Every structure is written in structure tokens, then in C-alpha cells.
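To start, the structure itself, in C-alpha cells.
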Amino acid sequence: ANELRKSLEKRGSTVHLEQMVGGAYSLYAATIIEQLGGIHIFLADDRDSAAYLVNDLYELLDEEHVEFFSSGYKRSAAYGAEDAQGVVRRTSALNAISNFKNGYLAICTYPEALAESVAERVELVELSLKLKVGDKLEQSSLVNWLMEHGFERVDFVYEPGQYSVRGGIVDVFSYVESKPYRIDFFGDEVDSLRRFDISSQLSSERPDEVEIVPNMMRKGDDERVSLARFVGRATWWMSDGDYALRKVMDVRRRCLEQASDEEDARAIAARLTSRPRLIEDLKLCSIALLKNNIRERQAEHTITFDTTPQPKFNRNFELLADDIRWNTQRGYTTYILSHNKAQIERLDNIFHQTGHRDVVFKAADMVLHEGFVD
């Protein structure tokens, strides 16, 4: 871990993590993130892999500092069909990057999401609206701002991008929040700010300041940049870099094939990034590669790990007991990961009842998507 940290500290370095498998990837990465700090982007092979990685990092790091940068579409930009929850997660990640000051921030993404360009960071800041209790602001001015930025007026808000008006109260569901805001006006002054539950309509907390962020996907095509450009200097972790970059180009090609004319093609090209653009924007970033296969960024340093996949036992407790016993004899410590204490107790009872009382393992109150032997 120390060797990896020192390698990634060098600006623009590329490091190959040889023989890194399973949950060891998440475990070592989390250790480096806490030591190095800064922004870390994880590029998985697909949406499911990115989601599993997010869950691992939730376990290993502070969940508030882990984000999922999703595609704004249900499958990809090539198939259309905007995904409301995807837009929310995407905007939340961009907002976290934009507001990042110190500590660490981990962002997990995948090729289809990376392919879609984003608004410039300065635009995200300029287009967001911050409100504090006591601010001088007419209710009509807030409503006009919401209309101009694509928010939909409804009777009762229930999803991001909506607002409602009742007397001197404006309810707003920002694109970076899991709950909507209730803004009370007293004349031309913000009298109180509350978050509230959609179902019960009861207030959950009273923040002193709130930020309303619109849907950045509805921005025009001018001044769009890649995620790498938006983030700036960061550490990137890639499972299969060449595959991911080829997938980005595939999304771009499929979308351009659907263009109706040259003007439409230019608009599509502006909304999507490309492999050359990403490589250029990653020039000053450190990259950790599980596969050393990016021709434009060949690793100048290789760190070889001694990890192998966890054997599959398929509920064969005899086989599991023999494996733990054999590993103990060779000096290994076996950890069983689970949040369920009853599950650990049941496993311990099974070993005792089947005559394997000499089987020794340690329980850890956590889970990882995949096990490993190190």
C-alpha cells in the first residue's frame, strides 16, 4: 500500500496493479484514498460493476464522501430515454466535485456515463441558487428563477425538478437532494428553510442554508467538457481502461449514426466526449490500472500483489472448514464478513455440530462484493 501511495502521489503517473483481484481492489483503494485525500474517480466496466464498487466504498469509507456518477439515460445516450434518478445521481456527483475543498471524495462511474459531456464547473456554480434564512428575495423572483431553469410546477412535489406554490410557501425539489425543501416567505424575506418528508409532509430538519441545483443535462451544447476536464487533477482507478475508452467511442459512434443532418451531428458531438479528448484531459492525473492496456498511457511502474480469488464453497461447510483449517496451518487469518451477528453464530454452531471445533475465523462487521486471498 505504501508503494502504491508513493507512486500515485506523482503527478501524471500511471501504475499497473498486477494480480489485484476481488475485494482486495476496494480494500487497498480505500486505504490509499484515506492516506492521499483528494478526488478519486473509479471507472468500472459497466453499470453493475460500478454499483458494486460504490457499495464496497460505502462500507470502507465515509458514505457522505462517496458518489455514483450515473448516465442520464436508462441505458445510454445512444438509446435515448432520460432516467430521472440517473440525472439526480449525476448532478449530485458534479455538485460534490464542484464543492470539494478538503479531505477526500470518491466517485464511481462507467463508460456510458463517462461518454456524456457535462457543463463547465463555473456554470454549475453560476446556475445554482443558494438561499439562507433572512435573505431578501421576493417569492415571485424565486418562482421566475425556477421556471427559467426548467423546474416543473405541480400541486405537490414528489421528485427532483418540481416545485409548488401555496400562499407564502414554495416547495422545491433540487436535483442533488433526497428530500425537497420548504421555503417560507415573510414579505420579501426568506423566513425559514426546512427539509420535509414527501409522504408525511413533516419537516425533518431546519438547515440555515440550502442550495437549489437545476438539471444540468438541459443545458445547451456550448461549453461542455468531459468529466475528466470538469474534475481537474485527480486520481483515476480503471478496471479495464482500453475497454472503457472503446465503449465511450462506441456510444459516440452510435449517436452520430442517428444524426439527421450536419447541424444535428455537431450538437451530438458536443454532448459526447471521445477517447482522444479524455486522454488529453487525463494528462496531469495519476492513473491506477488493473490491466496495463491503454496504449496512450502505458504504465511506467508495476506493483505486483499476491491476491487470488476466493474459492467457491456453495454452502458446502465441510469444504469451507477444510479450507479455513488448511489456511490457518499455513499462517493465514480467515475473516468472515457479515452485518448479521446471527449468521456468524449459526456458522460457528455448524462447525461445532459437525466436529470442526478447531476451525478458527474472525468475524468483521462489514461486507464486500467479492472475497479474496491475500
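The values are calculated or read from the model by the stated rules, or taken from the named source; none is laboratory data. Here the structure is a predicted model, which means the values were calculated and not measured. Heads up, the Cβs are rebuilt from the backbone with ideal geometry, glycines too, and the neighbour counts pull from every protein chain shown. Heads up: the accessible areas ignore ligands, DNA and RNA and are worked out on the full protein's heavy atoms, side chains in. Shrake-Rupley method; radii C 1.70, N 1.55, O 1.52, S 1.80 Å.
Report yes if some residue within segment 15-25 is at pLDDT 95 or above, open to solvent by less than 70 Å² (accessible area, probe 1.4 Å) and in a helix (DSSP H, G or I); otherwise report no.
yes
Could you list, in sequence order, all residues of segment 335-366 that are open to solvent by 60 Å² or more (accessible area, probe 1.4 Å), in a loop (DSSP other than H, G, I, E, B) and either in contact (Cβ under 8 Å) with a residue 60 or more places away in the chain or under 27 Å from Asp56 (Cβ atoms) (or both)?
Of everything in segment 335-366, those that are open to solvent by 60 Å² or more (accessible area, probe 1.4 Å), in a loop (DSSP other than H, G, I, E, B) and either in contact (Cβ under 8 Å) with a residue 60 or more places away in the chain or under 27 Å from Asp56 (Cβ atoms) (or both) turn out to be His339, Asn340, Val360, Asp365.
Of everything in segment 174-200, what is among the small types (Gly, Ala, Ser), loosely packed, with under 14 Cβ neighbours inside 10 Å and within 25 Å of Glu64 (Cβ to Cβ)? Give them in sequence order.
Answer for segment 174-200, where residues must be among the small types (Gly, Ala, Ser), loosely packed, with under 14 Cβ neighbours inside 10 Å and within 25 Å of Glu64 (Cβ to Cβ): Ser178, Ser199, Ser200.
I'd like to check something: does segment 233-241 contain any residue that is open to solvent by 70 Å² or more (accessible area, probe 1.4 Å), part of a loop (DSSP other than H, G, I, E, B), at pLDDT below 90 and charged (D, E, K, R)?
No, segment 233-241 contains no residue that is open to solvent by 70 Å² or more (accessible area, probe 1.4 Å), part of a loop (DSSP other than H, G, I, E, B), at pLDDT below 90 and charged (D, E, K, R).
How many residues does segment 208-223 contain that are among the charged types (D, E, K, R) and either modelled with pLDDT of 90 or more or touching a Leu at 6+ places or on another chain (Cβ under 9 Å) (or both)?
So the count comes out to 4.
In this structure, does Glu9 turn out to be acidic (Asp, Glu) and either over 17 Å from the mean Cα position of the chain (by Cα) or crowded, with 21+ Cβ neighbours inside 10 Å (or both)?
Yes: the conditions hold for Glu9.
Considering each of Asp306, Asp323 in turn, give the residue that is in contact (Cβ under 8 Å) with a residue 12 or more places away in the chain, more than 30 Å from Arg75 (Cα to Cα), of a type in the set (Asp, Glu) and not in a helix (DSSP H, G or I).
Matching residue, one of Asp306, Asp323: Asp306.
Yes or no, residue by residue, for (1) assigned to a helix (DSSP H, G or I); (2) β-branched (Val, Ile, Thr); (3) open to solvent by 30 Å² or more (accessible area, probe 1.4 Å):
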{"site": "Leu278", "(1), (2), (3)": "yes, no, no"}
{"site": "Leu284", "(1), (2), (3)": "no, no, yes"}
{"site": "Asn292", "(1), (2), (3)": "no, no, yes"}
{"site": "Thr333", "(1), (2), (3)": "no, yes, yes"}
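Which of the residues belonging to segment 114-144 are touching a helix residue (DSSP H, G or I) at 6+ places or on another chain (Cβ under 7 Å) and aliphatic (A, V, I, L, M)?
Of everything in segment 114-144, those that are touching a helix residue (DSSP H, G or I) at 6+ places or on another chain (Cβ under 7 Å) and aliphatic (A, V, I, L, M) turn out to be Leu114, Ala115, Val118, Ala119, Leu124, Val125, Leu129.
Restricting to strands (runs of 3 or more DSSP E) lying wholly in segment 70-186: which have 1 or more residues that are within 30 Å of Ile279 (Cα to Cα) and modelled with pLDDT of 95 or more?
Because the criterion is at least 1 residues that are within 30 Å of Ile279 (Cα to Cα) and modelled with pLDDT of 95 or more, the strands (runs of 3 or more DSSP E) in segment 70-186 that meet it are 104-109.
From Leu131, Leu127, which residue is of a type outside the set (D, E, K, R), in contact with an Asp or Glu (Cβ under 9 Å, 6 or more places away or on another chain) and over 18 Å from Arg233 (Cα atoms)?
Leu131
Consider Gly86 carefully, then state whether it is of a type outside the set (A, V, I, L, M, F, W, C) and within 20 Å of Ala288 (Cα to Cα).
Criteria not met by Gly86.
Out of the residues in segment 297-315 that are open to solvent by less than 70 Å² (accessible area, probe 1.4 Å) and out of contact with any Ser or Thr (no Cβ under 6 Å at 6 or more places or on another chain), which is nearest to Arg5 (Cα to Cα)?
Once the filter is applied, the top-ranked residue is Ile303.
Taking the condition of being open to solvent by 10 Å² or more (accessible area, probe 1.4 Å) and among the hydroxyl-bearing types (Ser, Thr, Tyr), how many residues in segment 57-106 meet it?
6
I need the full set of residues from segment 152-168 which are within 22 Å of Asp83 (Cα to Cα) and surrounded by fewer than 12 Cβ atoms within 10 Å (Cβ to Cβ), in order please.
Phe156
Yes or no: segment 331-338 includes at least one residue that is closer than 17 Å to Pro311 by Cα, more than 31 Å from the chain's Cα centre (by Cα) and at pLDDT 95 or above.
Within segment 331-338, one or more residues are closer than 17 Å to Pro311 by Cα, more than 31 Å from the chain's Cα centre (by Cα) and at pLDDT 95 or above.
How do the pairs read when you match residues in segment 36-59 that are more than 10 Å from Cys108 (Cβ to Cβ) and hydrophobic (A, V, I, L, M, F, W, C) with residues anywhere that are open to solvent by 20 Å² or more (accessible area, probe 1.4 Å) and assigned to a helix (DSSP H, G or I), using Cβ under 7 Å and keeping only pairs 6 or more apart or on different chains?
These pairs meet every condition: Leu36/Arg5; Leu36/Glu9.
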